[in-house]
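Working notes, beginning with the structure itself.
The values are calculated or read from the model by the stated rules, or taken from the named source; none is laboratory data. Model, not experiment: these values are computed from the prediction. No Cβ is skipped: glycine too gets one built from the backbone with ideal geometry, and neighbour counts run over all protein chains shown. Calculation scope for accessible area: heavy atoms of the full protein, side chains included, ligands and nucleic acids excluded. Shrake-Rupley method; radii C 1.70, N 1.55, O 1.52, S 1.80 Å.
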Amino acid sequence: MKVLVVGGGGREHALAWKIAQSPRVEEVICAPGNAGIARHARCEPVGAEDVDGQVALAKKENVGLVVVGPEVPLVQGLAERLKEAGISVFGPSAAAARLEGSKAFSKDFMERHGIATAKHTVHEDVKSALAEVERRGGRCVIKADGLAAGKGVMVCRKLDEARSAVQRILGQGSLGAAGSRLIIEDLLEGEEASVLAICDGHRFVMLEPAQDHKAAFEGDVGPNTGGMGAYVPAPVVDGRLAKKVREEVISRAVAGMEKDGHPFCGVLYAGLMIEDGAVKVLEFNVRFGDPECQPLLMMLGEDIVPILEQAARGELEQRPLAWRDGAAMCVVLVSEGYPGAYEKGKLIRGLDAAPGGADVMVFHAGTKQTEEGVVTAGGRVL
Ligand code: AMP
Ligand code: GLY
């Protein structure tokens, strides 16, 4: 069969690479893809957020499965549009994708289903939000309700920081509609980990725990990014903790979504804070993490395609997956200036000098093929 991968970043390169290895797959198509993905897949110039275009492409190519990388098209309803067209899709419906698309929805869901998370309040006006940050003495985390491409979370320790975050987002609308509602929650301390599960709406299989590093600079300092690197497995999630996450987070979330009438099919990503053996959920995402996906797929010791197909059909076989021994680590090379403003179009040299193969892979994130060669085309590049 043909498989369509939606997206064009490092995560989608890893997915296209892994999917292309499956004996079940005759061709991988990726839209829009990038210069690295083009080595494993046929790239088609349809934007990841062009829902109509993606549905038309999937139909025209008669693909057997669509795997959606990023969250935006999921929140926009790409999965149900594909299902309506009779196309098998791995990824949640818009209603289920609200777990990532609305933090207020997600927090309310966690509270109703007994999933531990930071205590929060929701605000739509500056006055009540300012009163709440005053009450907390400024120590809190302020989050835009909607999708803000990694820019929607402010960890505040001082009153003036918290006040100015409220003014910027709610007062001046710096994040647009995504920031028309704010969540203010307890600032949690501890070590973070990401635990992902592949779900079919009813059942799930857990992936190895991952840890990503979001601060831009060496030494875990600097502004928050989408992720500068990740490794798998994350020893902070030991066997006991993994069991706790399975029972108290993933299992409750999958059962809760089913009970609420929005069964979750796709990757459920729990961003966790761990302190003294206790686990709280910082956020849910509804897709593979980027860059967590890259070391996860380097470590997966079996064909991913049957797992994705079973999940898409709602017939996931519940069993432990096979993992390679050892560990995998991903380091992200970014454009100077990222996560702020940066230049594009710089020639990348030395790509073919990397060894490749089973142990080293160069996944492309923001790259483009030009006549001169491969050039940078994004903040996260390789
Ligand atoms: P999120 O998009 O919710 O994962 O937030 C991005 C990052 O902000 C997380 O990876 C954490 O480092 C931090 N963060 C989010 N919520 C909290 C919290 N309640 N306490 C402390 N740090 C947080
Ligand atoms: N690396 C974090 C994320 O994908 O949300």
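What to note about this one:
- Using the average count of surrounding beta-carbon atoms within 10 Å as a protection proxy, the listed peptides 59-71, 150-162 rank, highest first, as 59-71, 150-162.
- Carbon + sulfur, % of accessible area of the stretch 139-227 - ligands and nucleic acids excluded, 1.4 Å: 50
- Fraction of accessible area attributable to carbon and sulfur, the stretch 1-111 (%, probe 1.4 Å): 47
- Environment charge of A230, counting only residues whose C-beta is closer than 15 Å and scoring Lys/Arg +1, Asp/Glu -1: -3
- Rg and Dmax of the stretch 1-149, both derived from C-alpha coordinates alone, stand at 19.3, 60 Å.
- Residue-normalised accessible area of the stretch 179-301, given per residue in Å² at a 1.4 Å probe: 36
- Put simply, the Cα atoms of the stretch 178-228 extend 39, 33, 21 Å along their principal axes, the longest span coming first.
- According to the Cα-based calculation, Rg over Rh for the stretch 181-295 is 0.97, with Rh computed by the Kirkwood formula.
- A Förster radius of 22 Å combined with the Cβ-Cβ distance from A149 to Y342 puts the calculated FRET efficiency at roughly 0.95.
- For the chain, hydrophobic long helices are taken as DSSP H runs at least 18 Å long by C-alpha position along their axis with mean Kyte-Doolittle hydropathy of -0.5 or more; none is present.
- Built amide H within the under 5 Å cut-off of G8, gap 5+: G33
- Per-pair calculated FRET efficiency, R0 = 41 Å: E372 and S251 via Cβ, rounded to 0.05: 0.20
- Stokes-Einstein translational diffusion, the stretch 280-354 - Kirkwood Rh over all Cα pairs, 0.890 mPa s, 25 °C, in µm²/s: 151
- Measuring nothing but alpha carbons in the chain and taking Rh as the Kirkwood radius, the Rg to Rh ratio lands at 0.95.
- Nitroxide proxy distance, nm - points 7 Å out along Cα→Cβ at E275 and E192: 1.5
- Largest-first principal axis extents of the Cα set of the stretch 1-89 (Å): 29, 23, 17
- The stretch 256-318: relative contact order as a whole-number percent, Cα under 8 Å and 6+ apart: 26
- Residue-span extension gain [A85 to T121] - 0.36 nm each, minus C-alpha spacing: 9.0 nm
- Volume of the Cα convex hull of the stretch 319-368, divided per residue and given in Å³: 144
- Average Cα contact separation per residue, the stretch 116-240, under 8 Å, 6 or more apart, as relative contact order %: 22
- For the stretch 66-79, 3J(HN,Hα) computed residue by residue from phi via the Karplus equation (6.51, -1.76, 1.60; θ = phi - 60°) reads 10, 10, 9, x, x, 7, 4, x, 5, 5, 7, x, 4, 4 Hz, glycine and proline entered as x.
- Considering only alpha-carbon pairs that sit under 8 angstrom and 6 or more positions apart, the relative contact order computed for the chain is 17 percent.
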